[in-house]
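Participant: Take this structure first; my questions come after.
The values are calculated or read from the model by the stated rules, or taken from the named source; none is laboratory data. What you see is a predicted model; the values in this text were computed from it and never measured. FYI the Cβ positions are ideal-geometry reconstructions off the backbone, even for glycines, and counts take in every protein chain you see.
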Amino acid sequence: EDQVTQSPEALRLQEGESSSLNCSYTVSGLRGLFWYRQDPGKGPEFLFTLYSAGEEKEKERLKATLTKKESFLHITAPKPEDSATYLCAVLNSGYALNFGKGTSLLVTP
Amino acid sequence: DTAVSQTPKYLVTQMGNDKSIKCEQNLGHDTMYWYKQDSKKFLKIMFSYNNKELIINETVPNRFSPKSPDKAHLNLHINSLELGDSAVYFCASSQERGSGEQYFGPGTRLTVT
């Protein structure tokens with residue numbers, strides 16, 4: 001059965017303090033790994049797609065990387081507006097997105 | 001312009017009632033989804049339609065019935081509501097079947113009392 005585990009559950013950073021969020025996965029036949037951002041009271045917002053080990057994607061202060069067993073979302077010099085819940089998901093052979101439980105990030109000034 | 005919209009945003013109802021949530025997307029996408037996000041924020045797929053055809057039907061009580069009148073609309077009807085149905089329900093859409101790049105609506109917070 002597909003499994004997506006995110007860690008840590010919650011992370012508090014000072015503005016400018018870089019860190020990484022982890023997403024480990026087991027899936028039969030990975031069709032893609034996806035990162036989403038969810039702000040309180042809103043729907044998830046798509047950030048990145050990664051398809052193969054070694055692939056990297058960047059957007060502003062965020063960089064997502066993928067290995068055969070896990071993905072990392074690196075946040076460089078975060079700002080308070082980066083505070084949100086970050087969700088990782090894998091697409092399985094049945095074309096369904098399986099989400100992890102998310103990492104709640106708080107960046108303080 | 002709102003890409004994926006849902007109505008209502010909030011829904012408070014009593015156990016045993018029947019209610020519907022509506023979803024519309026103006027992105028021209030072929031595939032639409034319903035997700036449930038529980039109190040622990042865990043987001044789980046319920047259904048997916050591709051061009052009005054049901055393609056994903058996860059283990060969901062048959063009190064939940066999706067309907068897609070056309071590829072821009074996907075509604076969710078829930079019969080005999082139970083306390084455990086309280087959650088936030090999200091509609092989403094994607095360009096095509098099998099795409100993990102999905103666009104989510106703002107959610108409908110359902111509270112069953």
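Participant: For a quick check of your reading of the model, give me the residue pairs whose first member lies in the stretch B:91-113 and is more than 8 Å from chain A (Cβ to nearest Cβ), whose second is of a type in the set (Val, Ile, Thr) and in a loop (DSSP other than H, G, I, E, B), with beta-carbon atoms closer than 9 Å and at least 6 apart or on different chains.
Facilitator: From the stretch B:91-113, no pairs qualify.
Participant: Still on this structure: Out of all the residues in the stretch A:17-39, which are at pLDDT 95 or above and part of a loop (DSSP other than H, G, I, E, B)?
Facilitator: Of everything in the stretch A:17-39, those that are at pLDDT 95 or above and part of a loop (DSSP other than H, G, I, E, B) turn out to be A:17, A:18, A:39.
Participant: Continuing with this model, one more query. Give the residues of the stretch A:95-109 that are part of a strand (DSSP E or B) and touching a helix residue (DSSP H, G or I) at 6+ places or on another chain (Cβ under 8 Å), sorted by residue number.
Facilitator: Here is the first cut: in the stretch A:95-109, the residues part of a strand (DSSP E or B) are A:97-99, A:103-108.
Across the stretch A:95-109, the qualifying residues are A:105, A:107, A:108.
Participant: How do the strands (runs of 3 or more DSSP E) wholly within the stretch A:41-94 filter down when requiring 3 or more residues that are within 28 Å of residue B:88 (Cα to Cα) and modelled with pLDDT of 95 or more: which remain? If you could, list the steps in order and put the result at the bottom.
Facilitator: Working: elements: A:45-50, A:56-59, A:62-66, A:70-75, A:84-91.
Those strands (runs of 3 or more DSSP E) span A:45-50, A:70-75, A:84-91.
This table checks each residue for (1) touching a helix residue (DSSP H, G or I) at 6+ places or on another chain (Cβ under 7 Å); (2) over 24 Å from residue B:3 (Cβ atoms); (3) touching a residue at least 40 places away in the same chain (Cβ under 8 Å).
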residue: A:51; (1), (2), (3): no, yes, no
residue: A:65; (1), (2), (3): no, yes, no
residue: A:75; (1), (2), (3): yes, yes, yes
residue: A:82; (1), (2), (3): no, no, no
residue: A:88; (1), (2), (3): no, no, yes
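Participant: Mind counting the residues in the stretch A:95-109 that are farther than 14 Å from residue B:43 by Cβ and at pLDDT below 95?
Facilitator: Taking the stretch A:95-109 and keeping what is farther than 14 Å from residue B:43 by Cβ, we get A:95, A:105-109.
From the residues that got through so far, the ones that are at pLDDT below 95 too are A:95.
Final tally of qualifying residues: 1.
Participant: For the stretch A:5-30, enumerate the residues that are more than 18 Å from residue A:74 (Cα to Cα) and buried (at least 17 other Cβ atoms within 10 Å of the Cβ).
Facilitator: Just the residues of the stretch A:5-30 that are more than 18 Å from residue A:74 (Cα to Cα), to begin with: A:26-30.
Within the stretch A:5-30, A:27, A:30 meet the criteria.
Participant: Out of B:28, B:16, B:84, which single residue is more than 14 Å from chain A (Cβ to nearest Cβ), closer than 27 Å to residue A:35 by Cα and surrounded by fewer than 14 Cβ atoms within 10 Å (Cβ to Cβ)?
Facilitator: On the way: B:16 fails: closer than 27 Å to residue A:35 by Cα; B:84 fails: closer than 27 Å to residue A:35 by Cα.
So the residue among B:28, B:16, B:84 that is more than 14 Å from chain A (Cβ to nearest Cβ), closer than 27 Å to residue A:35 by Cα and surrounded by fewer than 14 Cβ atoms within 10 Å (Cβ to Cβ) is B:28.
Participant: Residues in the stretch A:51-88 that are buried (at least 20 other Cβ atoms within 10 Å of the Cβ) and within 14 Å of residue A:22 (Cβ to Cβ): how many?
Facilitator: 8
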